[in-house]
Amino acid sequence: MPSKHVPVLLEETLATLSCEPGKLYVDATVGGGGHAFEILRRTSPDGRVIAADRDPIAMARVSARLAPFAGRFDLLHANFRDLPALLRARGVDRCDGVLMDLGLSSDQLHDPARGFSFSRSGPLDMRMDPRGPETAASIVNRSSEHTLRDLLRAYGEEPNAKRIARAIVRARADAPIETTDQLVAIVESAFPRRRPPDTVHPATRSFQALRISVND
């Protein structure tokens, strides 16, 4: 399935990179390939891109998307934090521009099977790399109440972290927490029934914290 992710501030980003033919650019979080595609298009005929992503699903999509530029790009299935070592191993000691578009892509967020969003029913996964050993479900079902509380505070800045952690521990004593819907209901139960209508969804910070923890 083609990527539906639309790069934000595309023109501004490419202007900053000063894309020119004959130069080498690194897209450290290639995602749907929108930035990489435009860099390659604007640097024809001999500009090059080394693109990386930790999500193999994204890599498969971007490989097809960049096919018209065969021979001018290399794809690395890797976390951006490992790129310096990987580039050195390939004999690359300099480049002309680096792009890092951090965070979730809309492809990841809108795929229920990935479990990233509290607004979509799916398995409680949240792994950017599905080969990773830790899922959000394993964290909420195995972590101590103390660990969950600290995680929610550190990664989600959740003021109700203590109550949410306690609610999770109580709920999992009855049955494993395996879906996004289950976790949303548990988090909501830890909040007051009456909330101002303009407040963010109660699960926003908890899901953020788990996404960061799973993929750290």
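The values are calculated or read from the model by the stated rules, or taken from the named source; none is laboratory data. Computed from a prediction, not measured in an experiment: that's the story for all the values here. Glycine gets a Cβ as well: all are built from the backbone with ideal geometry, and neighbour counts include every protein chain shown.
Here is a yes/no grid of residues against (1) surrounded by 15 or more Cβ atoms within 10 Å (Cβ to Cβ); (2) within 15 Å of the chain's Cα centre (by Cα):
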site: A85; (1), (2): no, no
site: R94; (1), (2): no, no
site: D107; (1), (2): yes, yes
site: H110; (1), (2): yes, yes
site: G115; (1), (2): yes, yes
site: D125; (1), (2): yes, yes
site: M128; (1), (2): yes, yes
site: A136; (1), (2): yes, yes
site: V140; (1), (2): yes, no
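Could you run through the stretch 93-112 and say how many residues are touching a strand residue (DSSP E or B) at 6+ places or on another chain (Cβ under 7 Å) and either on the phi > 0 side of the Ramachandran plot or not acidic (D, E) (or both)?
Within the stretch 93-112, the subset touching a strand residue (DSSP E or B) at 6+ places or on another chain (Cβ under 7 Å) is 95-99.
Those left that are additionally either on the phi > 0 side of the Ramachandran plot or not acidic (D, E) (or both): 95, 97-99.
Result for the stretch 93-112: 4.
How many residues does the stretch 20-51 contain that are within 12 Å of L76 (Cβ to Cβ) and under 13 Å from the mean Cα position of the chain (by Cα)?
Selection size over the stretch 20-51: 3.
Going residue by residue through the stretch 159-177, is there one that turns out to be modelled with pLDDT under 95, among the aliphatic types (A, V, I, L, M), not assigned by TED's automatic domain parsing to the domain that holds A51 and not in a helix (DSSP H, G or I)?
Checking the stretch 159-177: not a single residue is modelled with pLDDT under 95, among the aliphatic types (A, V, I, L, M), not assigned by TED's automatic domain parsing to the domain that holds A51 and not in a helix (DSSP H, G or I).
Here are T29, T43: which of them is of a type in the set (S, T, N, Q) and modelled with pLDDT of 95 or more? Don't jump to the end; show me each part of the working.
Working: T29 fails: modelled with pLDDT of 95 or more.
When all the criteria are applied, what remains is T43.
Any idea which residue in the stretch 178-216 is farthest from P130 (Cα to Cα), counting only those that are outside any loop (DSSP other than H, G, I, E, B) and hydroxyl-bearing (S, T, Y)?
Looking only at the stretch 178-216, we keep the residues that are outside any loop (DSSP other than H, G, I, E, B), and these are 179-189, 204-215.
Adding the requirement that they be hydroxyl-bearing (S, T, Y) leaves 179-180, 189, 204, 206, 213.
Values: T179: 16, T180: 17, S189: 30, T204: 22, S206: 21, S213: 14 Å.
This residue is S189.
L66 - would you say it is closer than 20 Å to D107 by Cα and not small (G, A, S)?
Details: closer than 20 Å to D107 by Cα: yes; not small (G, A, S): yes.
So L66 fits the description; yes.
Residues of the stretch 40-64 being touching a residue at least 60 places away in the same chain (Cβ under 8 Å) and surrounded by 17 or more Cβ atoms within 10 Å (Cβ to Cβ), which ones?
The answer is R54, D55, I57, R61.
Taking the stretch 164-189 as the search range and keeping residues that are in contact with a Ser or Thr (Cβ under 8 Å, 6 or more places away or on another chain) and not aliphatic (A, V, I, L, M), which one is surrounded by the most Cβ atoms within 10 Å (Cβ to Cβ)?
Only one residue tops the list, namely T180.
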